[in-house]
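Here the structure is laid out as structure tokens; the discussion comes afterwards.
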Amino acid sequence: MSEMPNIPFLASSTGPAWLPAAAKDARQFAYWGQLIMLIMLLIAFIGAIASIATGSWGTGIYLLISMVVIAFLYYMMVPSVFTPLDQGKFKEASDRLIIWGIIGLIFGGVIPGILLLIAFIRLQEVFQPQYQQYPTQYYQQPQQYPQQAPPVPPQGTQQYQAPPAQVQAPPVPVPPPAQPAPAPEQHNSSRAEMIKCKNCGVQYPAFMRNCPNCGTPRQ
């Protein structure tokens, strides 16, 4: 874009070549806003004179106030917006753009205020972190680790082996203690003398007087 003729306090239409794309666009919108402020300043001046000349004092006073505000904004654009932009002070320029844009909507005309607000919005991109978008992995396969073999004991040493588990046998029933056998009857060492009954022939001890079978007296 060709440079405008030497107009007092009007910023340059181009900035440093190293400016980011967002800062270049914001600077361009701000430049057009300042240029239209100059046009609105001339319109407000002519309208104020015409209103006062026709007796419309209220409109004339409002146009005079607007003319003062527009002149102030036009003058402050270079030191508060363009110089910080060209020096890389984007935060300072952004703060001034939002303030001048709101004031421009109220007193400086709708078009300059809108252009300054567009420049503010476009400049916000320089504050966004630059990052690369990676695809989201919804499922991640669990990592498998190789199984380590058990350590081999050195030769000459006996590897301890745990004894096998012993199965407890069921308790064996204990028989009750045997009753002592009755002692055999002790017989007299000398057997009794036996005699035979002459009547029935039954033998019986000699100390008996009669035969236990037939009752015959011993003779």
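The numbers here are math on the coordinates, done by the rules we state, and not lab data. Since the structure is predicted, the reported quantities are computational estimates derived from the model, not experimental observations. Positions of Cβ are generated from backbone atoms using ideal geometry, with glycine treated the same way; all protein chains shown enter the neighbour counts.
Packing here is the average count of other Cβ atoms within 10 Å per residue, and on that basis the peptides 17-26, 36-45, 112-121, 205-214, highest first, run 112-121, 36-45, 17-26, 205-214. In order along segment 210-219, phi translates into HN-Hα couplings of 10, 6, x, 8, 10, x, 5, x, 6, 10 Hz, rounded to whole numbers, per the Karplus curve 6.51 cos²θ - 1.76 cosθ + 1.60 with θ = phi - 60° and x for Gly and Pro. Rounded to two decimals, the Cα radius of gyration of segment 1-136 over 2.2 N^0.38 Å is 1.23. Each label point was placed 7 Å from the Cα along the Cα-to-Cβ direction; for residue 207 and residue 24 their separation is 15.6 nm. In this simple spin-label approximation, residue 125 and residue 42 carry label points 7 Å from Cα along the Cα→Cβ vector, and these lie 3.3 nm apart.
Hey, with R₀ at 22 Å, roughly what FRET efficiency would residue 53 and residue 32 work out to, going by the Cβ-Cβ distance, to 0.05? Please report the intermediate quantities before stating the final value.
On the way: r = 32 Å, r/R0 = 1.45.
Result of the calculation: an efficiency of 0.10.
Using 0.36 nm times the number of residues separating residue 17 and residue 200, minus their current alpha carbon distance, what extension gain do you get? Show your work: numbers first, answer last.
Values: separation 183, 0.36 × 183 = 65.88 nm, distance 16.64 nm.
Once the chain is fully extended between residue 17 and residue 200, it gains 49.2 nm.
When only Cα pairs below 8 angstrom with a gap of at least 6 residues are kept, segment 21-127 shows a relative contact order of 39 percent.
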